[in-house]
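Readers should treat all values here as calculations from the given coordinates under stated rules, not as data from a laboratory. Because the structure is predicted, anything quoted here is derived from the model rather than measured. We place every Cβ from the backbone using ideal geometry, glycine too, and count neighbours over all the protein chains shown.
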Amino acid sequence: MSAQALSFTQKVNAPPEQVYRAFTNGTSLREWLCDIASAVPNPGGRLYLWWNNGYYSSGEYLSAESPKGVSFTWHGRGEPAGTRVRVTLAPQDGGTLVTLEHLGVTSAPQWVGAIEEIKKGWKNGLENLASVLETGEDLRFTRRPMLGIGIADFDEKIAQNMGIPISKGIRIDNPIEGMGAAAAGLKSNDVIVKMGGHEVTDWTSLTNALAARRAGDEIELVFYRGAQQQTVNMKLSGRPIPEIPQTAADLADKVRVKYAGQQGRLAKVFEGVSETQAAHKPAPGEWSAKEVMAHLIHSERGTRQWISDLVSCQEPIYDDFGGNLETFTSATIATYPRVADLLAEYQRNCTENVAVLDNLQQDFLANKGSYWRLAYQLIEEDFHFDSHLEQIKSAIASES
């Protein structure tokens, strides 16, 4: 069978230099095409792409000439043979015409299914490329619905303590009022194990189960409440998208106001609380109010590191969520032993994060996908903080 070429075109209202970067940088590739990427855009340099649905492609760059285009080898999971991809970038009407050719597929019967997947993948991918470079919005994310839950740690030890007969799943920290999970009657500490027929063992499998769904869809959800397995049908919620500030200064102002509100709420919760009350654990294995504060401090430190990774276009790839390590929680409390110390350290980290935003450079803001992702994460409703504030209240109330 003779080889053939699959050809795709997409007009992108962005300069060729930005489009070239989208095919040659790991962070940029993740923002429009795949879920994990590693790219070294030199002849012979690696190109590895992975999707949450289990598909992956490995190859190497054959050529990379900024801003004219790239070519690379491609061997996707389950495909009969290796192929090549050639991307040509041409200025057009103030933007860029992207021409992508997938070369080397054939009309042989074993290629039929793979060809259809390749066509669908590049069509959807190039549409998303235009969205990310023009507006910053990743359509895979903004169109994906929500369950409306916060997520808590879950492992074999936690499962044993809770009397749950499985050790893989998504444990609900808190269902969010007004969204699908709460409306379906899900509660804190329920553990989701299956959704829409898909096994749910971690965050990746959860997002994969939601990938083809839309807000308003009904989905069957299987979960454990203690030792009892239950099934419920729930309606998926839409994702609220806040208005993204257009400048670094505006973003910093929004985040500053958000942090100020959080700090005020924390100060109020700890009013009149003794050090003994703040150090009390409600039950073995549960956090005291001080330990929750240590976790919030770690979260802000992690946010600052993530901003650094995003700005430098060097996001690391992690195998999984590592959980919250008691070693670091204990170390933070040893360093900041009083409630006042913990509150002050939390405030310092918030203040430094705002200062980082105030100093973002224009070249980063020009990377609209990265900037949109950063702004969204920082100004969306903070379900994480709200959940832990309630946890602090409960821990304090448990000491009498």
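Observations
- Distance between modelled label sites at Val356 and Lys281, nm, 7 Å Cα→Cβ extension: 3.1
- Taking every C-alpha pair closer than 8 Å and separated by at least 6 residues, the mean separation divided by the residue count of region 248-397 gives a relative contact order of 46 percent.
- FRET E, pair Lys119, Lys393, Förster distance 45 Å, beta-carbon r, rounded to 0.05: 0.25
- Cα-Cα separations in region 149-235 greater than 16 Å, expressed as whole percent: 49
- Rg and Dmax of region 3-141, based on Cα coordinates, read 14.1, 42 Å.
- In terms of packing, defined here as the mean over residues of other Cβ atoms within 10 angstrom, the peptides 313-319, 364-370 line up highest first as 364-370, 313-319.
- Normalising the average separation of contacting C-alpha pairs (under 8 angstrom, six or more residues apart) by the number of residues puts the relative contact order of region 31-147 at 16 percent.
- P(r) weight above 21 Å for region 248-397, C-alpha pairs, percent: 48
- Label-to-label distance, Phe141 versus Leu325, with points set 7 angstrom from Cα along the beta-carbon direction: 2.7 nm.
- Projecting the Cα atoms of Pro109, Gly76, Val87 onto the charge dipole of region 3-141 (Cβ charges, centred on the Cα centre) puts Pro109 farthest toward the positive pole.
- Each of Leu126, Asn189, Trp287 was placed along the dipole of the chain (beta-carbon charges, centred on the mean Cα), and the one lying farthest toward the positive end is Leu126.
- Estimated at 0.36 nm per residue, the fully extended path between Tyr56 and Gln246 surpasses their Cα-Cα distance by 64.9 nm.
- Distance between the modelled labels on Val273 and Ala183, one decimal in nanometres: 3.4 nm (7 Å Cα→Cβ projection).
- A straight line joining the Cα centroids of region 67-142 and region 277-320 runs 37 Å.
- For the chain, size of Cβ-based charge dipole, Lys and Arg +1, Asp and Glu -1, in debye: 640
- Computed across the chain, the Kirkwood radius stands at 23.6 Å (inverse of mean 1/r, all Cα pairs).
- The calculated FRET efficiency for the pair Ile166 and Ala344, based on their C-beta separation and a Förster distance of 56 Å, comes to about 0.85.
- Taking the chain and dividing mean pair separation by its residue count, relative contact order in percent (alpha carbons under 8 Å, at least six apart): 15
- Maximal additional length on extending the Asp309-Asn13 stretch stands at 103.9 nm, based on 0.36 nm per residue less the C-alpha distance.
- With R₀ fixed at 41 Å, the C-beta to C-beta distance from Lys68 to Arg265 puts the FRET efficiency at about 0.15.
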